[in-house]
Amino acid sequence: YSLPTPSDVRLEVFNLMGQQITTLVDSHQKAGNYSVNWDASEKASGLYFYRLTAGENVFTKRMTLVK
């Protein structure tokens with residue numbers, strides 16, 4: 001993800017039932033480009049959702065985990 005301005009950032013992963021699985025990022029970050037790796041070795045293959053909150057902006061997207 002890319003931040004045009006410094007922001008409080010939170011990146012969470014949810015299962016299909018809406019249960020929070022993990023929080024990958026929860027910090028204040030400077031403007032710039034970032035990448036995050038999720039160690040899902042103990043999770044089942046399937047659909048998950050991630051929610052990225054950066055300041056006032058919230059983005060929710062679907063992702064597929066294939067093992």
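The values are calculated or read from the model by the stated rules, or taken from the named source; none is laboratory data. Source: prediction; values computed, not measured. Heads up, the Cβs are rebuilt from the backbone with ideal geometry, glycines too, and the neighbour counts pull from every protein chain shown. Just the protein is used for accessible areas: all its heavy atoms, side chains included, with ligands, DNA and RNA removed. Shrake-Rupley method; radii C 1.70, N 1.55, O 1.52, S 1.80 Å.
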(request) Could you please find all residues in segment 40-57 being hydrophobic (A, V, I, L, M, F, W, C) and closer than 13 Å to residue 2 by Cα? (result) 52, 54
(request) Working only within segment 1-24, note down all residues that are under 14 Å from residue 56 (Cα atoms) and either surrounded by 14 or more Cβ atoms within 10 Å (Cβ to Cβ) or not hydroxyl-bearing (Ser, Thr, Tyr) (or both). (result) 3, 4, 6, 7, 8, 9, 10, 11
(request) Answer with yes or no whether residue 66 is modelled with pLDDT of 95 or more, open to solvent by 100 Å² or more (accessible area, probe 1.4 Å), β-branched (Val, Ile, Thr) and at negative phi. (result) yes
(request) Give segment 20-67 a look and list any residue that's in contact with a Lys or Arg (Cβ under 7 Å, 6 or more places away or on another chain) and part of a loop (DSSP other than H, G, I, E, B), or say none. (result) 45
(message) Any residue in segment 20-39 that is within 20 Å of residue 6 (Cα to Cα) sitting within a Cβ distance under 6 Å of a residue that is surrounded by 10 or more Cβ atoms within 10 Å (Cβ to Cβ) and among the basic types (Lys, Arg)? List the pairs, counting only those 6 or more apart or interchain.
(response) 26/10
(request) Give segment 9-24 a look and list any residue that's under 23 Å from residue 66 (Cβ atoms) and either at pLDDT below 95 or among the aliphatic types (A, V, I, L, M) (or both), or say none. (result) 11, 13, 16, 17, 21, 24
(request) Give the number of residues within segment 28-55 that are touching a strand residue (DSSP E or B) at 6+ places or on another chain (Cβ under 8 Å), open to solvent by 50 Å² or more (accessible area, probe 1.4 Å), polar (S, T, N, Q) and farther than 18 Å from residue 67 by Cβ. (result) 1
